[in-house]
Structure formats: C-alpha cells, structure tokens
Amino acid sequence: MREKSDQPVPIDAAPPDGGSPGLLFGLDAEGLAAVLAGEGEASWRGKQIAEAMYSQYVTEVSSITTLSLELRRRLAEKGWQVGRPRIANTFQSCDGTERYLVECRPGDPSTVETVWMPEGDGGEAGDADNDTKDWSRATICVSSQVGCAVNCQFCLTAKLGLPAAGNLTPRGIAGQVVAVLDRHSVRVGRDRVNLVFMGMGEPFLNYDNFMAAVRLLVREVGLSPQRMTVSTSGVVPGIERFASEPADLRPKLAISLNAPNDQIRAEIMPINRKWPIAAVVDAVRRIRLRPHERITFEYVLLAGVTDQPEHAREVARLVRRTGLPAKVNLIAWNPGPGIPYTMPEPAAVAAFQGALIADGVPAYIRQPRGRDIFAACGQLKRTTEA
Ligand code: SF4
C-alpha cells in the first residue's frame, strides 16, 4: 500500500530570483514560515501571512497589516508577491449561477473554469434547502486540470485534451476556491459552502496536487472535507490511494458512472476499457467511510443511450450489488457544440429516478445550473462567450 499523502504542501513557486516573483499563495503556514526564516524572521509570522491570505483574502503583501511596514517593504523588494489566482472574466446566469475564467498564475493568460452555484444544484447536502434564497448555502465547482485527457464522449472539456503542463498546482486549485470565497465575501464557519471537484479535468490524474490543495483548504482556509466531494471517472490507482487518506482530510467520493453496464460505459467513457465497473467498485470498497457517509454515483442521462427504463433497472441492480451505502445523482445531459447526443425528456429523467427509488436506491436529480452561460455539467470548455 502507498503511504498516505499527508505531507507538507509542496512549494510550487521558486523563490524570487531577481527576475520572476516568488508566490506566497499556495504555501501552507509551514512553507511560509520557511520563507520568513530566510528573511531572518520568526517562524510564527508564517501563520500571520497564512491568516491574511486564506482567511482575510488579502491579495497584496503591502496589505498584510499584521506584518510591520518594514517587513512588508522588504518582502516586496525581494520580489515576493501573494500571487493568488485571479478571476479574469465572469459570466452571470439568469439563475444566479456565475461562471469564471480564472488565471492561475500571474502573467499566464491560460485559464480554467470555476462555477459558483448559490443554493447548489440538488446534488450535495444542504443544496436546495433554501427557504430564504440565501447563498450562504452555495456550491463551488472547481477544476483540477487545464483540460482533460479522459475523453468522455458527452463532455465538452474532453475536446480540449490535456496540454503539456495541464496539471494545476495546489495554488491553482485552492486559488480558484479562495478567489470565489473572496468575491462573495464568504465567511468560512458562518456560511455553508460545498466544494465539488467536478470542473475541468480528472482530479485523480493530478492526485498529488489535488490532495495538497485539499490539505490547504482544510488546514489553512478552514473548510471541512465533509463538505467537499471529488468526482472521478474511475481511475483505480487514484481511488486506492484515496482510500488511505486520513478521514480528517478526505473529501467524499463520487464515481462518474453514467452507464448501466460495461458495454455502454466503454462506448461513452473509453477509460472503462482500462478500468471496468467491477474494478472501480472493488477499489471503492477499500475506503473506510465515515458514519452516515455515502458514495455518490453520478449518472448523466443521454436520450436513447442511457435513459431507458431497462437501464434504470440495471443501474439499481448494479448499485445494490456493490453493497455500499450509496446514492445516485441523475444529471440530464447538457448540450454542447459538436457532441452527438440529445437531451433526455424531463419525463424520462423523472421515470428513471422513480425506478431507482422503487428499487430501493436513493436517487436525486441535479438541477442544471447556468446552462445559459455554459456553466452546467459537462459544458466547461474555457468558452469566452456567455
Ligand atoms: S467528464 Fe470529467 S473526466 Fe470525463 S472528459 Fe469531462 S472533465 Fe474529463
């Protein structure tokens, strides 16, 4: 078995070299203490910088008022910057959803997409439990790669492929979250925010950076891993590593199932040829679930392909046979240019849910959020139009 990846957040920016800046965002308090030690300062000052960047959402060294003016000047002169990822463009949906293009590194114009869904989408705990329309129950959908190599046939992100250097660093992943928390003045601890790592990319093909970002978000930002869900297309080695993560750092797991059997799944998700459903389920069984925790099976309904009554019966059998405490989140496929599928009829989606429930499998329908701005599930493709 591999070792748990409970290690310090890696430094993903070199110290300033006189030409390029050193970036503080993405370092944990320990990493920041090391930077401060290099300046001859006490290590506890690292905690002050962490608090400023991750709780007060400070984006300039000059604004970290817990540091002396002289120290702030000195850090800036040496080339240290906060360097938090920046929201470069915002698209607003009529349903309150916002989609962002986020620049992860200063001076690098390549972007990833992040989505803010006030009131969630019905797929996470607390979603739609919103008598007051209060966004204090919101969900942020986070990207882990600048594209994706998995090539699910129904997904627009797959069209991008995965460029070289397509893996986001802990700064790039956690920075999306903090930039959005800042935009909406979220106070962690007061407001209820869910994170879903279901944006661009396959998190388990960028495992070390993904888990380093989770540790940063838990330990420095103060978010609960029980309010985070990571979705995988079924990368078995990643699930096996995930099973050995400590419970106080491990998000919940969602498996992107999307088909009732291996034959259909291999057609729409080529990754199934490498890791078929049984192998994925075997790996999931190694996870020691917390009390009341359930595994989520995400299921995209494609009209005529995966939304038929016999498919629902097969999915119910499959989920029951796993023996796992589980629920199914149903997602009516969202259209995208160049993708050869059709949206299911609302009646077919409702019937599918009814059949699962009748067979004893909890099933929820995730509401499409931000379809008008290409923010909905499977639509993320760094589109610059709304
Ligand atoms: S659905 Fe997820 S894993 Fe599949 S291609 Fe799209 S981003 Fe990648």
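The values are calculated or read from the model by the stated rules, or taken from the named source; none is laboratory data. Keep in mind that what you see is a predicted model, and the values were worked out from it rather than measured. Quick reminder, even Gly has a Cβ in these numbers, built from the backbone with ideal geometry, and neighbours come from all protein chains shown.
Considering each residue of the range 327-336 in turn, at least one proves to be more than 16 Å from the ligand (Cβ to nearest atom) and touching a residue at least 24 places away in the same chain (Cβ under 8 Å).
Residues in the range 328-335: is at least one of a type in the set (Gly, Ala, Ser) and touching a strand residue (DSSP E or B) at 6+ places or on another chain (Cβ under 8 Å)? Checking the range 328-335: at least one residue is of a type in the set (Gly, Ala, Ser) and touching a strand residue (DSSP E or B) at 6+ places or on another chain (Cβ under 8 Å).
In contact (Cβ under 8 Å) with a residue 12 or more places away in the chain, within 20 Å of Val146 (Cα to Cα) and more than 16 Å from the ligand (Cβ to nearest atom), is that true of Gly175?
Working: in contact (Cβ under 8 Å) with a residue 12 or more places away in the chain: yes; within 20 Å of Val146 (Cα to Cα): yes; more than 16 Å from the ligand (Cβ to nearest atom): yes.
In short, yes.
Looking only at residues of the range 268-284 that are closer than 19 Å to Leu205 by Cα and among the small types (Gly, Ala, Ser), we find that the one that is surrounded by the fewest Cβ atoms within 10 Å (Cβ to Cβ) is Ala279. Kindly indicate the residue of the range 139-172 that is more than 16 Å from the ligand (Cβ to nearest atom) and of a type in the set (S, T, N, Q) and also farthest from Leu216 (Cα to Cα) among those meeting that condition. The residue in question is Thr139. Check the range 291-302 and report whether any residue there is of a type in the set (Lys, Arg), out of contact with any Ser or Thr (no Cβ under 9 Å at 6 or more places or on another chain) and in a loop (DSSP other than H, G, I, E, B). Yes, the range 291-302 contains at least one residue that is of a type in the set (Lys, Arg), out of contact with any Ser or Thr (no Cβ under 9 Å at 6 or more places or on another chain) and in a loop (DSSP other than H, G, I, E, B).
Of all the criteria given as (1) within 15 Å of the ligand (Cβ to nearest atom); (2) crowded, with 22+ Cβ neighbours inside 10 Å; (3) modelled with pLDDT of 90 or more, the one not satisfied by Leu75 is (1). Restricting attention to the range 219-239, the residues that are more than 16 Å from the ligand (Cβ to nearest atom) and either in contact (Cβ under 8 Å) with a residue 60 or more places away in the chain or surrounded by 18 or more Cβ atoms within 10 Å (Cβ to Cβ) (or both) total 9.
Whenever a residue of the range 366-380 is more than 14 Å from the ligand (Cβ to nearest atom) and among the acidic types (Asp, Glu), its partners that are in a loop (DSSP other than H, G, I, E, B) and at pLDDT 75 or above, lying with C-beta atoms within less than 7 angstrom and at least six residues away or across chains, give the pairs Asp372/Ser93; Asp372/Cys94. Summed over the range 240-267, residues that are within 15 Å of Cys155 (Cβ to Cβ), surrounded by 21 or more Cβ atoms within 10 Å (Cβ to Cβ) and not small (Gly, Ala, Ser) total 3. Just one of (1) within 14 Å of the ligand (Cβ to nearest atom); (2) in a loop (DSSP other than H, G, I, E, B); (3) in contact (Cβ under 8 Å) with a residue 60 or more places away in the chain fails for Ser244. It is (1).
Within the range 277-296, restricting attention to residues that are within 24 Å of Pro309 (Cα to Cα) and more than 16 Å from the ligand (Cβ to nearest atom), the residue that is farthest from the chain's Cα centre (by Cα) is Ala278. Looking across the range 248-273, the residues that are touching a helix residue (DSSP H, G or I) at 6+ places or on another chain (Cβ under 8 Å) and either more than 16 Å from the ligand (Cβ to nearest atom) or not aliphatic (A, V, I, L, M) (or both) come down to Asp248, Leu249, Arg250, Pro251, Lys252, Asn258, Pro260, Asn261, Asp262, Arg265, Asn272, Arg273. Could you check how many residues of the range 50-107 are touching a helix residue (DSSP H, G or I) at 6+ places or on another chain (Cβ under 7 Å), in a helix (DSSP H, G or I) and free of Cβ contacts under 8 Å to residues at least 60 places away in the same chain? Result for the range 50-107: 5.
When Ile357, Ile331, Ile365 are checked against the criterion of being assigned to a helix (DSSP H, G or I) and β-branched (Val, Ile, Thr), a single residue qualifies: Ile357. Number of residues in the range 340-386 that are crowded, with 17+ Cβ neighbours inside 10 Å, of a type outside the set (Phe, Trp, Tyr) and under 23 Å from the mean Cα position of the chain (by Cα) equals 18. Looking only at residues of the range 304-328 that are of a type in the set (Lys, Arg) and in a helix (DSSP H, G or I), we find that the one that is surrounded by the fewest Cβ atoms within 10 Å (Cβ to Cβ) is Arg321. State whether the residues of the range 109-121 include one that is under 13 Å from Gly175 (Cβ atoms) and at pLDDT below 95. Among the residues of the range 109-121, at least one is under 13 Å from Gly175 (Cβ atoms) and at pLDDT below 95, which makes the answer yes.
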